[in-house]
Amino acid sequence: MLITILHGPPGSGKGTQAQYLTKRYGLQHVSTGEMLRDEAAKGTPLGNEVAPIMAEGNLVPDDLIVRVIESRLRDADTQRGVLLDGFPRTVPQARALDEMLRRSGRHVDLVLCLDVPEDKLIQRLLIRAKAEGREDDNLETIENRLEVYHRDTEPVLDYYRAKPGTAVECVDGDAPIEEVAMRVRDAVDRHYRDAA
Ligand code: AMP
């Protein structure tokens, strides 16, 4: 059972790389952003609560997203291994995740981070805005999301770097998709080898 976190700023290619990784390693892709967008599209009470927060590029409250993940990690399809994409996004979320995993005798094995320079992120997000029409992919919201990332999410890396039993592997994500996929694959394989 491998619990891996895909970490990186918005636009770093987490969703794209998740597709490759889940196939290769048989992991269940758990994207909190996708789950919340689904809820918002369905107009559930949770969806209606989070939609305005997401539209501005802010983070939804920690206790809310922790409840969502806690329930998802009880589902049968997540028992063989998961790839968490977009969670944890704050240090309190990381602490809550570790605590819930500890209760079931599990832990985060690997944090994979994608490094992409800021100007490339903005370019990519603006292209995605045109292609997918995501409401939070406009310049003002993008700038806010990057600020939120640096302030709240980047510290999650140092949290895991300081944690015994969890490896942190950073990969240069400023390259064509296939090339990044190879680098990510090498990083995961290296982790498996070192852990063996
Ligand atoms: P993403 O698709 O991962 O970029 O997430 C889209 C939006 O969903 C974010 O900008 C947040 O508003 C919200 N969101 C997703 N995951 C989290 C999380 N772990 N904590 C707080 N908000 C989140």
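What ranking do S104, S12, S31 get, fewest neighbouring Cβ atoms within 10 angstrom at the top?
On the way: S104 10, S12 24, S31 18.
Listed from fewest to most nearby Cβ atoms, that is S104, S31, S12.
Could you identify which residue out of H150, H29, H107 has the top mean-square fluctuation in a GNM of the chain using Cα springs shorter than 10 Å?
H150
Wrap a convex hull around the Cα atoms of the stretch 115-180, take a quarter of its surface area, and give that in square nanometres. Working shown, then result.
On the way: hull surface 22.2 nm².
It is 5.5 nm².
Would you pull out the residues with amide H under 5 Å of V111's amide H, same chain only if 5 or more places away, H placed 1.01 Å from N?
Answer set, sorted by chain and number: I5, A167, V168, E169.
Using Cα pairs under 8 angstrom and six or more residues apart, how large is the relative contact order of the chain, in percent? Intermediate values should be presented prior to the final figure.
Details: 268 pairs, mean separation 60.9, N = 196.
Averaging sequence separation for qualifying contacts and normalising by length gives 31 percent for the chain.
Relative to the Cα centre, what is the charge dipole magnitude of the stretch 1-133, using +1 at the beta carbon of each Lys and Arg, -1 at the beta carbon of each Asp and Glu, and rounding to the nearest 20 debye?
Details: 18 positive and 18 negative charges, 82 e Å.
Computed charge dipole of the stretch 1-133: roughly 400 debye.
Between V91 and E135, what length comes free when the chain is fully extended (0.36 nm per residue of separation minus the Cα-Cα distance, one decimal in nm)?
Working: separation 44, 0.36 × 44 = 15.84 nm, distance 2.64 nm.
Separation in residues times 0.36 nm, less the Cα-Cα distance, equals 13.2 nm.
Stretched out fully, how many nm does the piece from D77 to T16 gain, at 0.36 nm a residue minus the Cα gap? It would help to have the intermediate numbers written out before the result.
Details: separation 61, 0.36 × 61 = 21.96 nm, distance 2.07 nm.
Stretched fully, the D77-T16 segment lengthens by 19.9 nm.
Taking 8 Å as the Cα distance limit and 6 or more residues as the minimum spacing, I'd like the relative contact order of the stretch 25-130 as a percentage. Don't skip to the end; give the middle numbers.
On the way: 68 pairs, mean separation 31.5, N = 106.
Relative CO of the stretch 25-130 lands at 30 percent.
Taking the Cβ of each residue in K14, K163, K23 as the centre, tally the other Cβ atoms inside 10 Å and list the residues starting with the fewest. Don't jump to the answer; show the numbers that get you there.
Numbers: K14 24, K163 15, K23 10.
Ranked by crowding around the Cβ, least crowded first: K23, K163, K14.
Can you count the Lys pairs in the chain whose Cα atoms are under 21 Å apart, with each pair 8 or more apart or on different chains?
4
Within the chain, which complete DSSP H helices have Cα atoms spanning at least 20 Å along the helix axis and a mean Kyte-Doolittle hydropathy of 1.0 or higher?
Numbers: long enough: 118-132 (21 Å, -0.45); 177-195 (27 Å, -0.82).
Flagged H segments: there are none.
Once you sort the root eigenvalues of the Cα gyration tensor of the chain as a ≥ b ≥ c, which label holds: rounded (a/c under 1.5), prolate (a/b larger than b/c) or oblate (the other case)? Walk me through the numbers on the way to the answer.
Values: a/c = 1.58, a/b = 1.16, b/c = 1.37.
Taking the square roots of the gyration eigenvalues as a ≥ b ≥ c, the chain is oblate.
Read-outs throughout are calculated quantities, based only on the coordinates presented, and are distinct from any laboratory measurement. Please read these numbers as outputs of a predicted model, since none were measured by experiment. Note that each Cβ is placed from the backbone with ideal geometry, even for glycine, and that neighbours are counted across all protein chains shown.
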